[in-house]
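Have a look at the structure below, then the notes.
Values quoted throughout were computed directly from the atomic coordinates according to the rules given, and no laboratory measurement underlies them. Owing to the predicted nature of the structure, the values given are computational and were not obtained by experimental measurement. No Cβ is skipped: glycine too gets one built from the backbone with ideal geometry, and neighbour counts run over all protein chains shown.
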Amino acid sequence: MAKLQVLPPLDTEARLAYMERVRVWNDGYATEHGRRRAVYVETFGCQQNEADSEKIAGMAQAMGYEVVSAPESADLIMVNTCAIREHAEKRALSIIGQYKHIRAKNSELIIGVCGCMVSQEHRREELKHRYPYVTFTLGTSSLHHFPRVLWDAIEQKRRFITAESEEDMTVTVAEGAPVRRESSYRAWVSVMYGCNNFCSYCIVPYVRGRERSRRMEDIVREVRELVEAGYRDITLLGQNVNSYGKVKGSAGEYDFADLVAELDKIPGDWWLRFMTSHPKDASRKLIDVMANATHVVHQFHLPMQSGNDRVLKAMNRHYDMAKYRDTVAYMREKMPDVVLTSDIIVGFPGESEEEFADTLRALEDIRFDMLYSFIYSPRKGTPAAEWEQVPDATKSERFARLLDVQNRIAAERNAAAVGQTVRVLCDGESKGDAAVYSGRTAGNKIVFFAGEPSMVGRFVDVTVERTEPFALWGRVV
Ligand code: SAH
Ligand code: SF4
Ligand code: F3S
């Protein structure tokens, strides 16, 4: 088993030196022009990418850039891409296409493309040849090289569209990048990188590399500092958090449940949650820790993907529905108030009508609070992309039926909350209506209520008055 290489990222001479060079270059510009160079970061994809974007912005800021919210005024644009479905890649490529016009007006503009999409060779080739104004690419496992790649691009006036090193993809955990967090009370904390599961439909293991875990002491320190700085809602991130620490020579002699138990000791008024858990190794030990914890919320995202055993096997998921149901039953026994959510893929290659009906039946008897459902999208390089596909019309028709069933179930489950008083972390004015505030419950359900600015980032108690499939409405007690 490969030994983990933990890099103390920015304290090594070389890396600091690159950051310093960019900063001096930017300071010179600021003195001369009376304004700082600006960076704009565009983010697609999952929470991992959002967390990575906060590191990119943090590093850029440390290198003297001002972070701005519009690409038109930027001198450096970073596009953090996702490759999970074709649609995600199309959107990223279309945005990059639009930046051509900004580049046409500013020949000094540097455009970096990072995230999961650029870890695929065919996408790098596409960027190299069809997007000549893209300056460099940076894979998710190589974010710590950002200062060097940026400086080389500036100094050598060259493009760097290259693959990541084997080492970065397999054994490197870079600690200590400066993070520019979007929120002052909700925070992401990555606990592990990569994925070893190779579900037959999924691109993630190919683009995010092998599983490797951060050291427990690094995570505990980060979470403690966040809580002390007033963060109220902290989400531990990993593609399969239950594998945390399991790679030998990696994190150490402890597993995810041990990590959660350790973090739960940090005093303060705060919530701890995590995602994502793979059903094959969501352990009873973890559920016991959650049930007895002070800060860990009773929320569980447990992607089922399909309700049919043959399909689950073809997906290479390594659990069957008996195991899945058993985990859910144990969870609900230990935490009757648990909010359970899941992911479903509709139209996986070879999925028959009867097999799809098994998924609908599973939704009916498990009754998730919320579902993220996806139409299967073939990903180049994954086994399932080569198999016989379900016709698009069938996929869409099944998808619509699935939504019908789930919307009814979600409506029924939310309706049960009417009359209850729930604790809500307030996010502020809701989109579209400044008089209506929104927030999230411990179970991560969205709640609307009449609020005021002083509530933002604080816990409020709300009595639920009415509900919809995707939200609760209430009054602050
Ligand atoms: N690591 C997590 C999932 C990360 S991807 C887990 O294993 O649960 C988030 C979701 O995207 C997956 O759960 C799956 O439902 C969906 N997904 C992944 N690849 C897909 C594909 N090729 N087509 C459609 N949906 C996909
Ligand atoms: Fe993809 Fe499966 Fe890994 Fe999740 S566990 S990221 S679905 S390969
Ligand atoms: Fe997308 Fe990569 Fe996340 S493919 S879903 S950004 S892990």
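Between the C-alpha center of segment 168-195 and that of segment 88-112 there is a gap of 26 Å. Sorting 199, 46, 116 from the fewest to the most surrounding beta carbons within 10 angstrom yields 46, 199, 116. For the pair segment 408-451 / segment 230-290, the C-alpha centres are spaced 26 Å from each other. Ordering 19, 192 by the number of other Cβ atoms within 10 Å of each residue's own Cβ, fewest first, gives 19, 192.
Electrostatic tally near residue 359: other residues with Cβ closer than 9 Å to its Cβ, Lys and Arg +1, Asp and Glu -1, net -1. Projected onto their three principal axes, the Cα atoms of segment 267-310 cover extents of 46, 17, 11 Å, largest first. For the chain, the longest principal axis of the C-alpha atoms and the axis of helix 216-228 are separated by about 90°.
Neighbours of residue 76, meaning other residues whose beta-carbon lies under 10 angstrom from its beta-carbon, give a summed charge of -1 when Lys and Arg score +1 and Asp and Glu score -1. Restricting to bridges with both residues inside segment 146-287, how much of the DSSP beta-bridge set is antiparallel, in percent to the nearest 5? Here the share of antiparallel DSSP bridges comes out near 15 percent.
Taking a sphere under 15 Å around the Cβ of residue 130 and counting the other residues whose Cβ falls inside, with K and R at +1 and D and E at -1, yields a net charge of +3.
Looking at segment 355-431, what % of the alpha carbon pairs are farther apart than 22 Å? If you can, show how the numbers build up before the last one.
Details: 1377 of 2926 pairs.
Value for segment 355-431: 47 percent of Cα pairs lie more than 22 Å apart.
For the chain, taking a cut-off of 4.7 Å between Cβ atoms, the unpaired cysteines are 46, 82, 114, 116, 195, 426.
Where only DSSP H runs of four or more residues are counted, the chain gives -11500 deg cm²/dmol as its mean residue ellipticity at 222 nm, each run worth -39500 (n - 2.57). Here segment 45-102 has an Rg and Dmax of 12.4, 35 Å, counting Cα atoms alone. A straight line joining the Cα centroids of segment 339-377 and segment 121-145 runs 35 Å.
Counted over the chain, the DSSP beta bridges are approximately 35% antiparallel. Mean projected area of the Cα convex hull of segment 204-300, taken over all directions, amounts to 6.3 nm². In angstrom, the C-alpha Rg and Dmax of segment 1-124 are 16.1, 53.
By the beta-carbon count within 10 Å of each Cβ, the least crowded to most crowded order of 387, 151, fewest first, is 387, 151. Against the chain, whose longest principal axis is taken from its Cα atoms, helix 392-415 shows a tilt of about 70°. Pairs with C-alpha atoms separated by more than 26 Å, drawn from the list 55/105; 395/445; 246/323; 285/323; 246/395; 100/431, are 55/105; 395/445; 246/395; 100/431. For the chain, the convex hull drawn through the C-alpha positions has a volume of 159 cubic angstrom per residue. Quick one: pull the percentage of alpha-carbon pairs in segment 38-186 with a separation above 24 Å. Of the Cα pairs, 25 percent sit more than 24 Å apart. Directionally averaged projected area (segment 107-165, Cα convex hull): 3.8 nm².
Principal axis analysis of the Cα atoms in segment 126-222 yields extents of 42, 37, 25 Å, listed in decreasing size. Take every Cα-Cα pair in segment 30-75 and report what % of them are more than 13 Å apart. Value for segment 30-75: 57 percent of Cα pairs lie more than 13 Å apart.
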